[in-house]
Amino acid sequence: MGLFGKKRKGYSENRLLGDPLLPIPTHLKDIFYATGNKNCESYVCGKIICSCKCGCFKVRIYAEEVNGSPYIREYKDGYAMVVKASCEGCEKEHLILDISKHGWDGFICREGVTVPDEELSLRSCPKCGCENHSIEICIHSDGKADFIDEIADCSLSDDFDEDDWVDAFGCMGIGLKCLGCGRNYSYLIDYEAS
């Protein structure tokens, strides 16, 4: 069973976790359901589904708004972008993206700064004002072999394990769909992390 008691179409029941060569970051592995048939070591798309099987979220973001799109924003002595999603079914909060922790720049280079929760703003649909959204994510990676080569070249082999490659992704696109009016925000956030 899936969203709202309906059978999930296109979702792997095991989230494709049996395939170690999909770039699903560690922090998303329990809530990311890969979709489609073009997923591979360098690219994966999927939906965020809470462990309670709900796909309805209130999304809070810390970002600079430019023409309705969020971008990296200055915070104190650095830069930040954070996306969190609170499940409407069980109220569990999920960290979707924090550039100080995720992707090559955050995970490997430790760039970006952490932002307190009170700085995040609730995202509502500009068309109907609804605060409930579904979330789709696409992740691009250079792959495991490239990650191993890069950390060796940068003398970081002692700091990271080869299985950390999934957390050092190069790009993450986050799309929202309003569950009130159906408006789709394909790639609301398109974050290049390297």
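The values are calculated or read from the model by the stated rules, or taken from the named source; none is laboratory data. Nothing here was measured: the structure is a model prediction, and the numbers come from that model. Cβ sites come from the backbone with ideal geometry, for glycine too, and all protein chains shown count toward neighbours.
Evaluate the following for Asp77: is it of a type outside the set (Ser, Thr, Tyr) and modelled with pLDDT under 95? Yes, satisfied. Could you list, in sequence order, all residues of segment 124-177 that are without any contact (Cβ under 8 Å) to a residue 40 or more places away in the chain and either aliphatic (A, V, I, L, M) or in contact with a helix residue (DSSP H, G or I) (Cβ under 7 Å, 6 or more places away or on another chain) (or both)? Matches in segment 124-177: Ala145, Phe147, Ile148, Ala152, Ser157, Glu162. Candidates in segment 102-113 are the residues that are surrounded by 14 or more Cβ atoms within 10 Å (Cβ to Cβ), out of contact with any Gly (no Cβ under 7 Å at 6 or more places or on another chain) and free of Cβ contacts under 8 Å to residues at least 40 places away in the same chain; of these, the one that is farthest from Arg60 (Cα to Cα) is Cys109.
Please work out which residue is nearest to Ala63 (Cα to Cα), limiting yourself to segment 164-194 and to residues that are in contact with a His (Cβ under 8 Å, 6 or more places away or on another chain) and of a type in the set (D, E, K, R). Filtering segment 164-194 for residues that are in contact with a His (Cβ under 8 Å, 6 or more places away or on another chain) and of a type in the set (D, E, K, R), the one nearest to Ala63 (Cα to Cα) comes out as Lys177. The single condition among (1) surrounded by 15 or more Cβ atoms within 10 Å (Cβ to Cβ); (2) modelled with pLDDT under 95 that Glu162 does not meet is (1). Between Glu91, Glu118, the distinction of being without any contact (Cβ under 8 Å) to a residue 60 or more places away in the chain, at positive phi and over 17 Å from the mean Cα position of the chain (by Cα) belongs to Glu91 only. The set of residues in segment 138-156 being surrounded by fewer than 13 Cβ atoms within 10 Å (Cβ to Cβ) and either more than 23 Å from Cys40 (Cα to Cα) or of a type in the set (D, E, K, R) (or both) consists of Asp149, Ala152, Asp153, Cys154, Ser155.
Go through segment 36-70 and give me each residue that's closer than 26 Å to Glu118 by Cβ and in a loop (DSSP other than H, G, I, E, B). Within segment 36-70, Cys50, Ser51, Cys52, Cys54, Cys56, Ala63, Asn67, Gly68 meet the criteria. Scanning segment 140-185 for residues that are closer than 16 Å to Ile96 by Cβ and among the hydroxyl-bearing types (Ser, Thr, Tyr) turns up just one, Tyr185.
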